[in-house]
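The values are calculated or read from the model by the stated rules, or taken from the named source; none is laboratory data. Here the structure is a predicted model, which means the values were calculated and not measured. Cβ sites come from the backbone with ideal geometry, for glycine too, and all protein chains shown count toward neighbours. Each accessible area value is taken on the protein alone, full model and side chains, heavy atoms only, with ligands, DNA and RNA left out. Shrake-Rupley method; radii C 1.70, N 1.55, O 1.52, S 1.80 Å.
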Amino acid sequence: QVQLVESGGGLVQAGGSLRLSCAASGRTSSSYHMGWFRQAPGKEREFVARISRTGGSTYYADSVKGRFTISRDNAKNTVYLQMNSLKPEDTAVYYCAADPTFYGTESLEYDYWGQGTQVTVSS
């Protein structure tokens with residue numbers, strides 16, 4: 001099993017940047033494909049980005065493509081989400097997720113989840 005803890009959320013003005021981190025403990029993070037999801041109030045959880053075990057493959061939701069970058073440092077058991085040019089519609093709780101098998105875009109495909117970190121973008 002793996003435990004995930006997100007950090008780095010906060011309040012930022014539109015156009016600003018934040019970097020989220022997801023620290024993994026337990027089984028090494030390199031055993032897992034990793035994803036970032038977000039959930040805004042009153043909305044369903046949605047896929048943001050994913051990265052393969054080695055970091056050699058990434059994929060983004062259209063809504064964040066070109067603005068967000070997912071990366072990982074397996075030596076530090078940490079996955080990052082660099083968020084630039086933030087918009088008010090990016091406001092949500094951001095979750096990282098891990099799965100040893102599936103490299104997907106659906107939340108049901110991920111077995112392990114962090115507790116989430118709040119990102120608020122003011123206009």
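Among the residues of segment 1-18, write down those that are crowded, with 17+ Cβ neighbours inside 10 Å and farther than 15 Å from Y110 by Cα. Give the steps one after another, and end with the answer.
Taking segment 1-18 and keeping what is crowded, with 17+ Cβ neighbours inside 10 Å, we get 2, 4, 6, 9, 12, 18.
Those that are crowded, with 17+ Cβ neighbours inside 10 Å and farther than 15 Å from Y110 by Cα: E6, G9, V12, L18.
Which of the residues belonging to segment 37-49 are part of a strand (DSSP E or B) and open to solvent by 40 Å² or more (accessible area, probe 1.4 Å)? Let's see the steps before the verdict.
Looking only at segment 37-49, we keep the residues that are part of a strand (DSSP E or B), and these are 37-39, 46-49.
Passing the criteria: Q39, E46.
Only one of (1) over 20 Å from D111 (Cα atoms); (2) of a type in the set (V, I, T); (3) in contact (Cβ under 8 Å) with a residue 40 or more places away in the chain is not met by V79, so which one is it?
Result: V79 fails condition (1) only.
Can we say G55 is at positive phi and modelled with pLDDT under 95? Can you show your working first?
Details: at positive phi: yes; modelled with pLDDT under 95: yes.
Here the answer is yes, as G55 does meet what is asked.
In segment 50-64, what count of residues is obtained for those that are open to solvent by 20 Å² or more (accessible area, probe 1.4 Å), in a strand (DSSP E or B) and over 24 Å from A14 (Cβ atoms)? Full working, then the answer.
Of segment 50-64, the ones open to solvent by 20 Å² or more (accessible area, probe 1.4 Å) are 50, 53-60, 62-63.
Going one step further and asking which of them are in a strand (DSSP E or B), we end up with 50, 58-60.
With over 24 Å from A14 (Cβ atoms) added as a condition, the list becomes 50, 58-59.
Final tally of qualifying residues: 3.
Name the pairs: first residue in segment 104-118 and more than 17 Å from T78 (Cα to Cα) and free of Cβ contacts under 8 Å to residues at least 24 places away in the same chain, second residue assigned to a loop (DSSP other than H, G, I, E, B) and of a type in the set (A, V, I, L, M), Cβ to Cβ under 9 Å, at least 6 apart or on different chains?
Final answer for the pair search is none.
Among strands (runs of 3 or more DSSP E) lying entirely in segment 65-123, which contain 1 or more residues that are open to solvent by 50 Å² or more (accessible area, probe 1.4 Å)? Talk me through it step by step, then tell me what you get.
Working: elements: 68-73, 78-83, 92-99, 117-122.
Those strands (runs of 3 or more DSSP E) span 68-73, 78-83, 117-122.
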